[in-house]
Amino acid sequence: MNKNYFSHETAVIDEGCKIGNHVKIWHFSHIMSGCEIGNRCNIGQNVVVSPQVILGENVKVQNNVSIYTGVICEDDVFLGPSMVFTNVINPRSAVNRKNEYAKTLVKKGASIGANATIVCGNIIGKYSLIGAGAVVTKEVKNYALVVGNPSKQIGWVSEYGHRLHFNEDGIAFCSETNQEYKLENNSVHRI
């Protein structure tokens with residue numbers, strides 16, 4: 001097997017997982033069989049990637065995150081320190097519900113802040129930004145900025161994570177890149 005990734009000596013990597021090129025896997029992390037990790041991902045310290053999890057390319061997973069079966073992260077997703085995914089709506093220790101795992105899709109470029117919780121069965125829209133400590137209980141729109149417990153949308157962000165301020169024509173510009181965005185029918189898209 002050609003190993004074209006870095007793994008710290010304390011990391012545990014089970015057989016049967018697919019790990020892309022230029023991936024870094026840090027201290028005390030466990031990569032379980034059947035998962036797929038795309039090129040250039042960075043897996044922080046004390047991370048668990050469960051079976052059948054899919055991470056696209058360039059996903060950044062910070063320390064102390066467990067990514068459970070049922071989670072798919074597209075390219076360029078950021079998972080902040082100690083954020084939490086769930087995969088069963090009504091867990092019970094004495095009841096085996098492995099066949100009830102709900103899917104969670106985190107779309108391209110989304111960022112989830114430190115200590116946020118994502119309740120399973122939801123879609124996190126592309127380039128959305130979930131604030132630190134938020135508890136997400138429903139779908140998050142593309143480019144949405146959501147905070148709180150339970151989370152609520154308080155605005156929109158650019159692909160670079162800057163707050164968008166729309167004029168009377170529904171046009172906004174990213175303060176860093178000057179990329180142009182359009183707000184119509186309560187959704188945002190890049191022009």
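Bear in mind that the values in this text are calculations on the coordinates, not laboratory data. Keep in mind that this is a model prediction, so the values were computed, not measured. Because the Cβ atoms are built from the backbone with ideal geometry, glycine has one as well, and the counts that use them run over all protein chains shown.
The DSSP beta bridges internal to the stretch 6-157 are antiparallel in roughly 10% of cases. Residues whose amide H falls under 5 Å from that of Ala134, counting only those 5 or more places apart or on a different chain, are Ala116, Thr117, Gly148, with hydrogens built in the peptide plane.
Each residue of the stretch 7-19 is assigned a 3J(HN,Hα), and the resulting list reads 9, 5, 4, 8, 6, 10, 10, 6, 5, x, 9, 10, 10 Hz, derived from the Karplus form 6.51 cos²θ - 1.76 cosθ + 1.60 (θ = phi - 60°), x at Gly and Pro.
The stretch 42-105 and the stretch 128-168 have Cα centres separated by 20 Å.
What is the stretch 49-120 by shape, rounded, prolate or oblate, if you read a ≥ b ≥ c off the alpha carbon gyration tensor as root eigenvalues and call it rounded for a/c under 1.5, prolate for a/b larger than b/c, and oblate otherwise? Kindly include the intermediate steps, with their values, before the conclusion.
Working: a/c = 2.26, a/b = 1.66, b/c = 1.36.
The shape class here is prolate.
In plain terms, the chain is cut at each of the GluC sites (Glu not before Pro) found in a DSSP loop with at most 13 other Cβ atoms within 10 Å, and the longest leftover piece is 16-138.
Pairs of Cα atoms under 8 Å, at least six residues apart: use those to get the relative contact order of the chain, whole percent. Kindly include the intermediate steps, with their values, before the conclusion.
Working: 580 pairs, mean separation 19.0, N = 191.
Relative contact order of the chain: 10 percent.
Under 5 Å between amide hydrogens, built in the peptide plane, is the criterion, and for His30 it picks out Val12, Val47, Val48, Val49 among residues at least 5 positions away or on other chains. Counting neighbouring beta carbons within 10 Å and listing from fewest to most, the residues Thr104, Thr69 come out as Thr69, Thr104.
Ranked by Cβ crowding within 10 angstrom, fewest neighbours first, how are Arg40, Arg190 ordered?
On the way: Arg40 18, Arg190 14.
The order, fewest Cβ neighbours first, is Arg190, Arg40.
Over 23 Å between Cα atoms: which of Lys108/Lys141; Lys24/Lys98; Lys3/Lys24 fall into that group? From the list (Lys108/Lys141; Lys24/Lys98; Lys3/Lys24), the Cα-Cα distance tops 23 Å for Lys24/Lys98.
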